[in-house]
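Heads up, the thing below is written out as structure tokens.
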């Protein structure tokens, strides 16, 4: 009873780029990349694929698993930093059309790699007050399209893909929030905004015509990501461990009671350091970035779907989902799977 995940789905593009492939054009090796990141390969979206199409495929898989029809969906929330358009129309609206969810509202949410946790909380609130409707939460990214593929410090880290969950509620409107087993922490630290950033937005003003006073068209800015790795690493380990520990404390649990930790798959070394800081065995942390790399907002829902379909995430397990990202943002949710 109450709010719960009733279906999971994911999609990874068939095109795979290995570290050896990258080493053919950059001064690097598979050994160096893996030793620093835990990544051997990544999936890359091909012709005709985008954040919208991948998100729709992941969502369809989740709907099929849940046995839900498109017209039953009341809300679609898409967490992405790589929308099909910049910035509108929303990728969520494109997904809504692809799925045929004619009764659904749809919007994008931008909290970078912590986006899925943020989006999950938005959808949880929606189904709490509209229990006759179901919600889809999607994390989807085409990050390989915003990389500088001549910069070996950043292009090796990212991959493309999508993950999704379907939420449902069996309680009367507003009642589920009073009975929930879940706990969520959302946070941000804007002082670190420059640690991970992508140019090409609307921060800078256009020049004004000196005669008419009307803004003049500026030169287009190529989107590029900048990444301060050492600063991000320190923030990530600190925030992931603290959020997970605080969530357990709120539930009156020791961290050792957790059955599984689904951390954002940014870098294997970050997850290993987080495990040490939490004094938990690494085996409790889901790891898949060896073959997916960092898929940002998609990494947690992809991990959930893989765990469910492999039988390694089962009903009654105590889990936390924790993420961090550009902004800086961070967040986490504790739940007894699949109840939210």
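The value for region 258-331 of Rg(Cα) / (2.2 N^0.38 Å) is 1.05.
As a rough footprinting exposure proxy, the listed residues 91, 37, 329 were ranked by other beta carbons within 10 Å of their own, and the order from fewest upward is 37, 329, 91. Its DSSP H runs of at least 4 residues, each contributing -39,500 (n - 2.57), put the calculated 222 nm mean residue ellipticity of the chain at -9000 deg cm²/dmol, to the nearest 500. Put simply, when 319-326, 271-278, 48-55, 158-165 are sorted by average Cβ atoms within 10 angstrom per residue, most first, you get 158-165, 319-326, 48-55, 271-278. Considering only 29, 82, 144, the Gaussian network model of the chain with Cα springs below 10 Å gives its largest mean-square fluctuation to 29.
Reported value for region 3-177: 114 Å³ per residue, from the convex hull of its C-alpha atoms. Neighbour counting of Cβ atoms within 10 Å sorts the residues 155, 101, fewest neighbours leading, into 155, 101. Remark: the residue 318-residue 254 segment gains 21.9 nm on full extension, using 0.36 nm per residue and subtracting the alpha carbon distance.
Rounded to the nearest 5, the antiparallel percentage of DSSP beta bridges internal to the chain is 70%. Of 143, 253, 120, the residue with the greatest mean-square motion in the GNM of the chain, using alpha carbon springs below 10 Å, is 253. Between the alpha-carbon centres of region 283-340 and region 74-119 there is a gap of 19 Å. Three principal axis extents describe the C-alpha atoms of the chain; from largest down they are 62, 50, 38 Å.
Which value in Å does the Kirkwood hydrodynamic radius of region 196-340 take, with 1/r averaged over all unlike C-alpha pairs and then inverted? So the Kirkwood estimate lands at 17.3 Å. Estimated from the Cβ-Cβ distance and a Förster radius of 45 angstrom, the FRET efficiency linking residue 238 and residue 103 is about 0.60.
Laboratory data are not the source of any read-out in this text; all were calculated from the coordinates shown. Since the structure is predicted, the reported quantities are computational estimates derived from the model, not experimental observations. Every residue, glycine as well, gets a Cβ built from its backbone with ideal geometry; the counts of neighbours run over all protein chains shown.
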